[in-house]
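One structure is given here, and the rest of the page talks about it.
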Amino acid sequence: MSAVLAIAQTEIRIGIRNRWVMLASVILFVFALLLVLLGSGPGGATRADGLTVVVASLATLSVYLVPLIALLLSFDAIAGEIDRGTLQLTLASPVSRGQVLIGKFIGHGCVLALAVIFGYGVAGAVGYFLGHNVGLDGIIDLGRLIVTSIALGATFIAIGYVASASVRQTGTAAALAVAIWLFAVVLYDLALLGGLITSSDGLFAKVLFPYLLLVNPADAFRVFNMAAIDAGGLSTGLAAQGNSMPFQPHIAIVSPFIWMVIGLGLSTLILRRVQP
Amino acid sequence: MNSVLQTHAVSKHFRKVEALNAVSLNVAPGERVALLGHNGAGKTTLFRIVLGFLKPDGGSISIAGSKPGSKQARRSVSYLPESVAFPKMLTGREVVSYYAKLKGARHSDVLSALEKVDLVDAADRRCGGYSKGMRQRLGLAQALIGDPKLLLLDEPTSGLDPISRQKFYQLVSEFAGRGTAVLLSSHGLSELEARTDRVAILRKGVLVANAPLSDLQASANLPIRISVRSTQANVDRVHRQLGGSRINGVSVELECRQPHKMAQLAAISKLGAAVNDVEVSPPSLDEIYRHFSNHHDHAGDAK
């Protein structure tokens, strides 16, 4: 166990020293602050909690930014270390390859968590002081968003490991990571939208569509957060369909966790075959 | 004998290239064995197989009784790769302490390992700024941690200055004295300066020699070189009497086998005043190495 923690600690240390934590925090903070300032403008006065309005837009921001940051953090984890020759000694030590991956996962998860907590936390604090009717509900919504964003990020970190373990060059791993991001958060949604437009009354819209949302961890994350905010009028994007789901939208949060387990399991299997 | 490392008829090929061909090599506790060979002779491949990174195509290996790559084997082996690299953002102390934790070693080992390789002063600097020699020493510190039963050192002295190199061999002997088996690879014999108990030479994946250095010297049976210095006036006469070849106008160079050395020297001293000076040089370590690594010769195999 102390070996796993040593690996995690090293990743956190590197993440802080190479300014990864700071960079990711600033990116999240700047975008979040923009949304906060827009949301608290005069036009943004609605019946709902001021912070809740902000959280609704932050949830959509998370879907794009958090997986990107997570993949950028993880694509280098194995391919890059093999490239630079730093993984050999770790794999020659008595630590199992599964432990190596778990240690890295904990470390990268903490790096991402720090960035999300700082970026959204500070932006949320600004929203709290600027907003209208801000109450406990808004703070709870923000807290939920932060926790689920970290979970979403952890999922994409695990998926990034699969990419990183499957190829030998860092460059290839990076290209693979970008492709995963593009598919999961852009192309997948576009394809679903296309499907909805062509068969708005058919089998696709009524039966398949909600489950297809559930399959993609990023969409499932948005479905969950929108449902949890409990403000149908505020929902945006594809998740607006959440009202007519054939299942409790709250269970959507299971999807990222399932993908997290799949990602970690698959990358461990691949890493076991890697010859450093 | 109970060897820490036992490899029996290990073979490995990559596509068409025969990287290792039936290599059998044992290293006993406390024994220092040098593995020599050109680039691509198979040294690193053998190390990677012993570490469990590669599966051999044939043959068997045991490390302190365990299979290579097993947890038990990895606990027994410490490795120093040929071009060792560490995360640039970490300090030397953090690097060593990281590997100490991975190996489950005591925390007090960290400082003593850094002391052994003379890195205490630089321990709190980031290792991205280390010189090649310092990185190599940090790699060695990492390998010394955790009481290894077998030290696998891949060209450990490359990039070290002569004083560091001397200290390195002292450390290796110290560990061997405590019962650690040491297998280190090197490009040539001259680098070792007879600081190992046994020399194994790989040539294109085949073990062509495996014996103590003195045995190799004897079995190579290379000629001794005798250089006779004469004067401009007498050099012709000396050359006629002794044979050999003339060099730089005043000297004659002769080659002779070990058993004929004394007779040859007697012949030279008979020439009296015609000879100014005599220099006798035994075959150099490099010549012996070249003899084994270039010629088709299995003289040392039986050992």
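The values are calculated or read from the model by the stated rules, or taken from the named source; none is laboratory data. Every value quoted in this text rests on a predicted model; they were computed, and no experiment measured them. Reconstructed Cβ throughout: ideal geometry from the backbone, glycine too, with neighbour counts over all protein chains shown.
Show me the helices (runs of 4 or more DSSP H) entirely contained within region A:54-140 in which 1 or more residues are away from chain B (no Cβ under 14 Å) and out of contact with any helix residue (DSSP H, G or I) (no Cβ under 8 Å at 6 or more places or on another chain).
Values: elements: A:79-84, A:87-92, A:97-130.
It comes to A:97-130.
Taking residues in region A:139-161 that are under 18 Å from A:D76 (Cβ atoms), and partners anywhere that are buried (at least 22 other Cβ atoms within 10 Å of the Cβ) and β-branched (V, I, T), the pairs with Cβ atoms closer than 8 Å and at least 6 places apart or on different chains are A:G153/A:V66; A:G153/A:I69; A:G153/A:V116; A:F156/A:V66; A:Y161/A:I78.
With the requirement that a residue be modelled with pLDDT under 75 and surrounded by fewer than 21 Cβ atoms within 10 Å (Cβ to Cβ), what does region A:207-237 give you?
Narrowing region A:207-237 to residues modelled with pLDDT under 75: A:230-237.
Hits for region A:207-237 are A:D230, A:A231, A:G232, A:G233, A:L234, A:T236, A:G237.
Applying the condition of being more than 21 Å from the chain's Cα centre (by Cα) and without any contact (Cβ under 8 Å) to a residue 60 or more places away in the chain to region B:14-44 and asking which residue is nearest to A:G85 (Cα to Cα) yields B:F14. Say whether the condition of being on the phi < 0 side of the Ramachandran plot, at pLDDT below 90 and within 14 Å of chain A (Cβ to nearest Cβ) is met by at least one residue in region B:47-69. Within region B:47-69, not a single residue is on the phi < 0 side of the Ramachandran plot, at pLDDT below 90 and within 14 Å of chain A (Cβ to nearest Cβ). When the residues of region A:112-161 are filtered to those that are among the β-branched types (V, I, T) and crowded, with 24+ Cβ neighbours inside 10 Å, the one that is nearest to the chain's Cα centre (by Cα) is A:T155.
Kindly establish whether B:F47 is under 26 Å from A:L271 (Cβ atoms), over 17 Å from the mean Cα position of the chain (by Cα) and among the aromatic types (F, W, Y). Answer is no for this residue. Just one of the numbered conditions (1) under 24 Å from B:T45 (Cβ atoms); (2) away from chain A (no Cβ under 14 Å); (3) at pLDDT 90 or above is not true of B:P148: (2).
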